[in-house]
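Structure first, commentary second.
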């Protein structure tokens, strides 16, 4: 089975601080990590390979330093990796990113594509579904379990607002995963030594035959104007004293009224 | 202090540290309390290829030598000495195979040991043969194309849990020191059973038990090295693995000092953190200095071995001796710095103190180490 796992190198947002004056993120000096959801996707891809055979290719779009994330993916067990890196890709929003990744996936060839549910810096959760649409393949988001059936279909458990549902999907398909799906492994020494020796020749727009008007800034109908911490609301809270049972009933009534439950 | 590790050694250390911090440290207290054999942790270490460190590449290893072993031991021991000794004891069983095994024996046993799929152990000690290793009573009698083992080994680390055991037994009692031979015995061989698991002061996560041989028949091919070379197998093995015990001691000491230092900065008495008192500062300074000296000696011995030196008994013994004495002193001081809290099982240092003690005793007591060092000194002096 040919498995592609899409990964993104992101700043470790646990370490990111907000500049109080401009209310924007301070990115300097923040270490880069593989997006945590993508680690779960990579782990799942490796498990599927261990069980059913095949290859796992890590795919990322980013500046040259994103190669480090690919190296980490190989150390964790990916067989090989592709770095999409070209000035022409810069400024891409989720639509352009999804298109670019999709063109690369087409070139690599695949039976299964795995993505993390969302990136912890953008939090849009749009690229996975966008890629699937570009590739005209079925996709399911937020899966917590993935299995390959005897008939070579995929059976997945998808998280919904009130619980989970089980779906059977005919491949090739794309799935985005949530953290509950697995516990990612630690790197292996042999993986790290292999990764150290690898060089990632960047794939450019020409390599993937991308249409110029669908990539990068030109291919982006949306763009980020500002990232900021919204000011905290000013309101007063209410304090209710007295009987807990009465207050509980009162609370439920208020929540219902405001349509929170 | 920079020890100028190669990039690969740095990678190895980082990986061992990540495993120690993320996987071992959080459960070390529980493993100690309940004396749980760390099967799952060993699997994590195996998956990360840590068991490949001791074994050369031709047999599925990564050939990172004594130095690689020391780096892993130090990091794991900072988190839990019991887990560390379990890992090291497999190395202690692998070493005789590497040094004295035939091609067939190496190809048969090393790959599964390197992958961590199987564990090894080394069995020399008996009730009547501790420091007096030559006094073993376990016999191996030749019978056609088999040997029959009879006797009992005592206090064997990984006893009961390991799959492959290197056992030193008497093949010719009349020949004294030249009358012992080394054998490979697999778990499950009829006539090979285990005694009770010992209750220890420290390293409680590791399994220590008796090995019982009752007319245990093993194929002749399981003789390791030439007949009569049992003690040479044992001594050459211990020379190679002693720096690893030194590294374990360095790790325990480092872990204890870091806990004590953090505590001293936070604990306020007489209106100040106790780290501002000279008495505490001097203790910490002495602890840190001794740990660094022990580390430097351990690394030097390991590098000397890896350089291909022919004789290194003295250096290996010095590393083990000095580092283990350091670990005992440092952990006792760490408990002292932490005062009443140091004595409580809620804090990790009392465990480290209990763990440190064994490093002065096993793989040759520190008294035996001094014997080895003195005899080597005299030998060298005679040559000059």
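Coordinate-derived values only; no laboratory data. As the structure is a prediction and not an experimental result, all values here were calculated from the model. Reconstructed Cβ throughout: ideal geometry from the backbone, glycine too, with neighbour counts over all protein chains shown.
Tabulated values for the structure
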quantity	calculated
Mean Cβ count within 10 Å, highest first, over the residues of peptides B:346-354, B:17-25	B:346-354, B:17-25
Range of Cα positions in segment B:7-119 per principal axis (Å), largest first	42, 33, 19
Inter-part distance where segment B:49-81 and segment B:322-348 are each reduced to a Cα centre, Å	27
Rg/Rg_ref, segment B:121-230, where Rg_ref = 2.2 N^0.38 Å and atoms are Cα	1.02
Separation in nanometres of the label points that stand 7 Å from Cα toward Cβ, at residue A:248 and residue B:286	6.0
Antiparallel DSSP beta bridges within chain A, percent to nearest 5	45
Alpha-carbon gyration tensor eigenvalues x 5, square-rooted, for chain A, Å	36, 25, 19
Extension gain (nm, one decimal) between residue B:134 and residue B:365, 0.36 nm per residue minus Cα-Cα	81.7 nm
10 Å Cβ neighbours from other chains, averaged over peptide B:366-374	0
Exposure proxy ranking, count of Cβ atoms within 10 Å, fewest first, for B:48, A:218	A:218, B:48
Using alpha-carbon coordinates, inclination of helix B:7-19 to the longest axis of chain B, degrees	80
Per-residue mean of C-beta atoms belonging to partner chains within 10 Å, peptide B:15-26	1
Compactness index (Cα Rg / 2.2 N^0.38 Å), the protein assembly as shown	1.17
Projected label distance in nm at residue A:190 and residue B:3, using a 7 Å step from Cα toward the beta-carbon	2.6
R0 of 51 Å, Cβ-Cβ distance residue B:107-residue B:341: FRET efficiency to nearest 0.05	0.45
Per-residue Cβ neighbour rank within 10 angstrom, fewest leading, B:332, A:10	B:332, A:10
Helix B:278-306 vs. chain B, principal-axis angle (Cα, 0 to 90°, nearest 10)	30
Nearest-0.05 FRET efficiency for residue B:174 and residue B:380, computed from C-beta distance (R0 35 Å)	0.60
Cα-Cα pairs of chain B separated by more than 29 Å (percent)	41
Rounded tilt (10° steps) of B:103-114 against the dominant C-alpha axis of chain B	30
Average projection area in nm² (convex hull over Cα atoms of segment A:1-52, one quarter of hull surface)	4.3
Fraction of antiparallel bridges per DSSP, the protein assembly as shown only, in percent to nearest 5	65
Fewest-first ranking of A:40, A:139, using other Cβ atoms within 10 Å as the exposure measure	A:139, A:40
Between segment B:269-313 and segment A:157-222, the Cα center-to-center distance that results, in Å	46
Inter-label distance, nm, simple model (7 Å from Cα along the C-beta direction), residue A:13/residue B:267	4.1
Whole-angstrom gap from segment A:1-61 to segment A:96-151, using each part's C-alpha centre	14
Neighbouring partner chain Cβ atoms per residue of B:49-62, average, 10 Å criterion	1
